[in-house]
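Okay, so here's the structure we're looking at.
The values are calculated or read from the model by the stated rules, or taken from the named source; none is laboratory data. In this text the structure is predicted, and so the values were computed from the model without any measurement. Positions of Cβ are generated from backbone atoms using ideal geometry, with glycine treated the same way; all protein chains shown enter the neighbour counts. Each accessible area value is taken on the protein alone, full model and side chains, heavy atoms only, with ligands, DNA and RNA left out. Shrake-Rupley method; radii C 1.70, N 1.55, O 1.52, S 1.80 Å.
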Amino acid sequence: MPLAKSEDGHRLDLYLMKADNSIRICVPVCEQSLGGAEVAIAKAAEIGDIIEVRLDCLDPVQLAGSFRNGEHLFDQSPSPTILTFRPAEQGGHRQLDTKARLFFWLFNRPTSAEFLDIELDLAINSTVFDYGKKVDWTRVICSHHNFVGVPGDLDRVFDRMIQTPARILKIAFRAGDITDCITAFQLLDRARSESREMIAIAMGTAGIATRVLGPCRGAFLTYGALETESATAPGQVTARELRTVYRIDRISRETRIMGLAGLPVTHSISPYMLNAAFESAEFDGVYLPLEVRDISSFVTRMVHPRTREIDWNFLGLSVTAPHKTSVMSCLDWIDPAAEEIGAVNTVLVRGLELHGFNTDADAFISPLVSRIGELREARCAVIGAGGAASAAVWSLRQKGAEVTVFARDANKARLLAERFDSTWKPLDSALFEGFDVVVNATPLGTSGTQETETPATAAQLSGARLAYDLVYNPVETRFLREARDAGCELIGGLEMLVTQAAEQFRLWTAMEAPAEVMPDAAMRALGISGRISE
Ligand code: NAP
């Protein structure tokens, strides 16, 4: 339903939202045709609080030479709008010289948008706009974008921005590393200390935290894409995910922050599982994908309570490849089992210390015990010699199983086997006849470029009893299909994933994970239905 408009034609609800400090998700619309833009605006209004209409995306021929012909897009929008006319060098869709941009803003723009996004290079000459009172600066967002990295002259950019009369300042830059999020958060703090409103975004997958947490740290708004494919900037998550997965409307400065540190992390379904569990348990926490290249610098600058440079109520980490071993040197205390395994996949902030745990090992063994029962003297093959393989071999040995490690790198296979008093063999032309359990602890078969691969064929698996794939996406991997053809019993990786996440939930919140919520969320995220154990 269209919002009420004030006498000067602007939708009032935006200001009401501002008064009660509500979060604002802005959905950008970047369409080539007027018809496409109308449809997208209607959809955007269903999920966003405010819509950015990117007129630089529109085909100029459709507008018959006058952008005022796009007026009805703004007039008809059910939600408040931001009008943007971005030149290519600031991330826009067309080459626009300064003259063309000034002509647009002074004489040719639609007039019914609530906000105008004007780039710094124009806004800094604000007196030009004062001619005939062409711009109401209380409705201007003064913006600057850098798609390469953190601007070398960031302080100068900020200083120039605060010289403009624009009500809101916006700086968006490409995050090369997760620690660049600190810069975006500090910009928000600085704007607050200067009594200015601000939007500060670290673009790219390493900057997702700034998109989710920006509003609770004082950002005027955050941007959320209409669909994944229609994202207008790198790392932009969808508006629907901001609302339903990250529950952005409920995040405050008191919300506890957790996340998955790894590289890559954006494919992970852990945010779906853990955020659903927090919601169900009414725990005030949010779980983020944290794309980390250098774990030591990340922990020092953003996680460890004694050294972190931002105050962000951080509670814990899941750790995935390639950091499960390297994270150990950043911790104050490590659980003895994790120490023996040589890998930590869970970090808990306890007081001023960081404590490390491994929830993979127990999560790996429990589905196996429930299928096979007694594992003492069972003959088990573990394929792979990385972090997951270490947890698998350790827990199998704890149960008294006999383990043989198979890996493409003979040296790594030997080292892993020796650590746990096991044997090893090269993976090339391995035969698994006579094994009770064959575990795939490599990424072969994972959705994406490796999906069609398998560490063993049906012929190699013939005569084995049970095949256990730690890969969980897709749920049915090629390894499992080969094993079924060979007549093996099967276990997929989803059960282990959910079990290890439930233990992480318990470590962070001191509550039991809500039983059905995580498997259901995992299956929804993977687009499947039915219970995992079926
Ligand atoms: P990792 O530490 O990187 O180890 C991967 C292992 O796979 C290494 O031994 C690696 O050998 C081997 N490998 C990689 N590509 C290979 C190939 N083309 N052919 C043969 N071997 C190959 O990774 P990780 O943490 O152990 O994880 C392994 C898999 O388990 C991943 O798919 C992960 O998603 C899955 N996992 C699942 C769960 C769960 O809860 N279901 C938990 C943990 C892990 P090199 O050392 O020679 O490269």
Theoretical ellipticity at 222 nm over the chain - DSSP helices of four or more residues, -39500 (n - 2.57) apiece, nearest 500: -9000 deg cm²/dmol
Lysine pairs within the chain, Cα separation less than 19 Å, 8 or more sequence positions apart or different chains: 6
For segment 164-227 and segment 260-321, distance of Cα centres in Å: 18 Å
Solvent-accessible area, 1.4 Å probe, carbon plus sulfur percent, for the chain: 49 percent
Separation of the ALA458 and GLU309 label points, Cα + 7 Å toward Cβ, nm: 5.7 nm
Long-range HN-HN contacts of ALA407 with modeled amide H, under 5 Å: GLY384, LYS425, LEU427
Vicinal HN-Hα couplings computed from phi for segment 353-358 (Karplus, 6.51 cos²θ - 1.76 cosθ + 1.60; Hz; Gly/Pro x): 10, 10, 10, x, 9, 10
Gyration tensor (alpha-carbon) shape descriptor, segment 389-446, a/c threshold 1.5: rounded
HN-Hα J in Hz across segment 486-497 - Karplus 6.51, -1.76, 1.60, θ = phi - 60°, x for Gly and Pro: 7, x, 7, 6, 10, 9, x, x, 5, 5, 5, 4
Average projected area [Cα convex hull, segment 318-368], square nanometres: 3.6 nm²
Global form of segment 361-492, assessed from the alpha-carbon gyration tensor, a/c cut-off 1.5: rounded
The chain: Cys lacking any partner C-beta under 4.7 angstrom: CYS26, CYS142, CYS181, CYS216, CYS330, CYS380, CYS488
Nonlocal amide H pairs with VAL439, under 5 Å, H built at 1.01 Å: ALA381, VAL382, ILE383, TYR468
Calculated FRET efficiency for the pair ARG419/ARG94, C-beta based, R₀ 51 Å, to 0.05: 0.30
Part-to-part distance (alpha-carbon centres) for segment 79-147 and segment 324-396, which is given in Å: 55 Å
Surrounding net charge for ARG109, when Lys and Arg each add one and Asp and Glu each subtract one, Cβ distance under 11 Å: +2
Antiparallel DSSP beta bridges within the chain, percent to nearest 5: 10 percent
Per residue solvent-accessible surface (Å²) - the chain, probe of 1.4 Å: 41 Å²
Principal axis dimensions, the chain - Cα atoms, whole angstrom, descending: 88, 48, 39
Most positive-pole-ward Cα, TYR131, LEU120, CYS380, against dipole of the chain from beta carbon charges: TYR131
Among beta bridges that DSSP assigns inside segment 286-407, antiparallel share in %, nearest 5: 55 percent
For TYR223, residues with placed amide H under 5 Å, excluding near neighbours: CYS26
Per-residue ³J(HN,Hα) for segment 41-49, Karplus 6.51 cos²θ - 1.76 cosθ + 1.60, θ = phi - 60°, Hz, x for Gly and Pro: 5, 4, 5, 4, 5, 6, 10, x, 8
